[in-house]
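Throughout, read-outs are computed from the coordinates displayed, never taken from laboratory work. Because the structure is a prediction, the values reported are computed rather than measured. Reconstructed Cβ throughout: ideal geometry from the backbone, glycine too, with neighbour counts over all protein chains shown.
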Ligand code: ADP
Ligand code: MG
């Protein structure tokens, strides 16, 4: 009877359950496992930092609906991905982390190499965390881990493999037999609830639809586009709900976000939580008597923060199909000359004009709005946009359009910095394998880029044509120009006088391309930025960096409410 290696069983089980990509950093005890992945036909991407590997894997989860694997070594390797695991779990994205661990027969309990209670440690970040007790049971645990990550509200699974288990073999006929798990069952809404929801929406004076990343994950775009177009209901996308219905649709009221939230009397909430991103659904950001129709796949989420008037456990797609039918049956359409639409349209127009005047100020040093305005003009409209930073991400979200779903990846619900390069790598692989020619633009603040900048080498090694645009304001939130920076720092001990927000002045990040015999771009003027962007888009097998120096005190336009109100900054 032939024997099979445990590493081969893991690799083949993953393949059987539909896993396609593995991102990781190898070392003892997972070296052979990484090679077994490649032998089994999985795509293995070696990264430079475990966190980034984890970010890349979870972006694949969001983009494809199938978890990718993040492979790490024992102890510190796994500890380094907890940030990534938490990020995926908080964003409700599927992910499977696989960690090697100390051999049970050679160190466990007595201070073995990199020994750490890995399963226990992972549990708070996971839907499922386990250590298969024998090699023969590996397929059972892999099937369960992938199923848990994708069924219901998506999330994280962790599987732990001690060195001795990884080195073991089992007889072929002892291996537990599994089948590929069926696609997750669709959760349908209760019909009566859909009718009540349609009635409430129809009779609302100031209705609003909020489209969240749950709707993006649900692939509900086609039906939601019909629904919005036919009903002419105003909608607001959340940051990663952008593009489910195009930002350029006439019903998109992102330019009047505060007003729309504040005055709506009925809000249809589709796959978005009433957390900080949506200001908890409470006054003063919403009217005190606003009624929520909440639709979510996760029943425990219903009524969080605010009690919903109608709470519906459903996948967004079947819900959208049914409510569309209800509204369409009576030819419901909110007319453009309705007072609510007039108020929203007027506010949108005024805000757009204000932004436009800032966007047209092309004098150097540049401001955010000018940079984003020109970026928007020059990047392909179907590009995947990855973005992180403070102002860079916040202003970029309002200025850069998404016309397609799942085409924006950013710091997300957890507000995690350092996600950009990993997300961009995942997005570039996804484009390479499924939509050749589609571009990935990674728009980074200078501080944000610093967290995971070394992944540039990964992008070069795997020939990924990612355009990294660094909007460089010399600091976190804002920095200083050379004169001010020098003056402050001449006044005492550097650790006492250097403002915590300050980073180096006009650091030449684009010179990192020289490490690979390549070149990047440094831009201070709009024509330079335009030329760089045109050039960058010709690259098909390498990344590049466009480093845009902006005014270190450039800021957001004045806001009625700050996104986060706790900080005095
Ligand atoms: P956003 O960041 O866009 O506000 P959140 O991450 O807060 O979105 O919320 C997304 C919600 O979508 C979660 O509560 C999650 O349970 C839900 N969700 C995920 N997938 C689906 C789906 N297929 N159908 C319905 N809801 C979903
Ligand atoms: Mg900055």
Legend entry - Simple label model, 7 Å out from Cα along Cβ direction - residue 541 to residue 497, nm: 5.2
Inset, instruction - Could you tell me which of rounded, prolate or oblate describes the range 365-431, using a ≥ b ≥ c as the square roots of the eigenvalues of the alpha-carbon gyration tensor, with rounded for a/c under 1.5 and, failing that, prolate when a/b is larger than b/c and oblate otherwise? - result: oblate
Inset, instruction - Please state, rounded to one decimal and in Å, the Kirkwood hydrodynamic radius that the chain gives when every pair of distinct Cα atoms enters the mean of 1/r. - result: 25.1
Inset, instruction - Find how much the distance from residue 38 to residue 140 grows on full extension, using 0.36 nm per residue of separation minus their present alpha carbon separation; answer in nm with one decimal. - result: 34.6 nm
Legend entry - Distribution of pairwise C-alpha distances over the range 1-139, 5 Å bins, in %: 2, 11, 20, 24, 23, 14, 5, 2, 0, 0
Inset, instruction - Quote the FRET efficiency, to the nearest 0.05, computed for residue 325 versus residue 484 with a Förster distance R0 of 56 Å and r equal to the Cβ-Cβ distance. - result: 0.35
Legend entry - Rg to Rh quotient for the range 232-331, alpha carbon positions, Kirkwood Rh: 0.94
Inset, instruction - Return the distance in nm (one decimal) between the two label points of a simple spin-label model at residue 120 and residue 360, each offset 7 Å from Cα along Cα→Cβ. - result: 6.5
Inset, instruction - Find the all-direction average of the projected area of the Cα convex hull for the range 118-180, expressing the result in square nanometres with one decimal place. - result: 4.6
Inset, instruction - Rounded, prolate or oblate: pick one for the range 1-82, where a ≥ b ≥ c are the square roots of the eigenvalues of its C-alpha gyration tensor, a/c under 1.5 means rounded, and failing that, prolate if a/b is larger than b/c, else oblate. - result: oblate
Legend entry - Alpha-carbon centroid distance for the pair the range 218-262 / the range 450-480, whole angstrom: 31
Inset, instruction - May I ask for log10 I(q)/I(0) of the range 176-290 at q = 0.21 Å⁻¹, from a Debye sum over the Cα atoms as equal point scatterers with solvent left out? - result: -1.28
Legend entry - Taking the convex hull of Cα positions in the range 432-569, its mean projected area over all directions (nm²): 11.1
Inset, instruction - Return a whole-number percent for the relative contact order of the chain, with Cα pairs under 8 Å and 6 or more residues apart as the contact set. - result: 12
Inset, instruction - Quick one: grab the alpha carbon gyration tensor of the range 404-469, order the square roots of its eigenvalues as a ≥ b ≥ c, and give me rounded if a/c is under 1.5, else prolate or oblate depending on whether a/b is larger than b/c. - result: oblate
Inset, instruction - Please arrange 382, 247 by counting, for each residue, the other beta carbons lying within 10 Å of its beta carbon, fewest first. - result: 382, 247
Legend entry - Fewest-first ranking of 47, 393, using other Cβ atoms within 10 Å as the exposure measure: 393, 47
Inset, instruction - Principal axes first, then extents: for the Cα atoms of the range 86-201, list largest minus smallest coordinate on each axis, whole Å, largest first. - result: 66, 34, 15
Inset, instruction - Express in whole angstrom the spacing between the alpha-carbon centres of the range 157-217 and the range 45-83. - result: 20
Legend entry - Whole-number Å³ per residue for the convex hull built on Cα positions in the range 327-369: 87
Inset, instruction - Give me the compactness ratio for the range 397-436, meaning the Cα radius of gyration over 2.2 N^0.38 Å. - result: 1.28
Legend entry - Gain in span if fully extended, residue 106 to residue 303, counting 0.36 nm per residue against the direct Cα distance: 65.9 nm
Inset, instruction - Mind sorting 102, 362 by how few other Cβ atoms lie within 10 Å of their own Cβ, fewest first? - result: 362, 102
Legend entry - Inter-label distance, nm, simple model (7 Å from Cα along the C-beta direction), residue 232/residue 454: 5.7
Legend entry - Ordering of 429-437, 302-310, 27-35, 134-142 by burial proxy (mean other Cβ atoms within 10 Å per residue, highest first): 134-142, 27-35, 302-310, 429-437
Legend entry - R0 of 41 Å, Cβ-Cβ distance residue 190-residue 2: FRET efficiency to nearest 0.05: 0.20
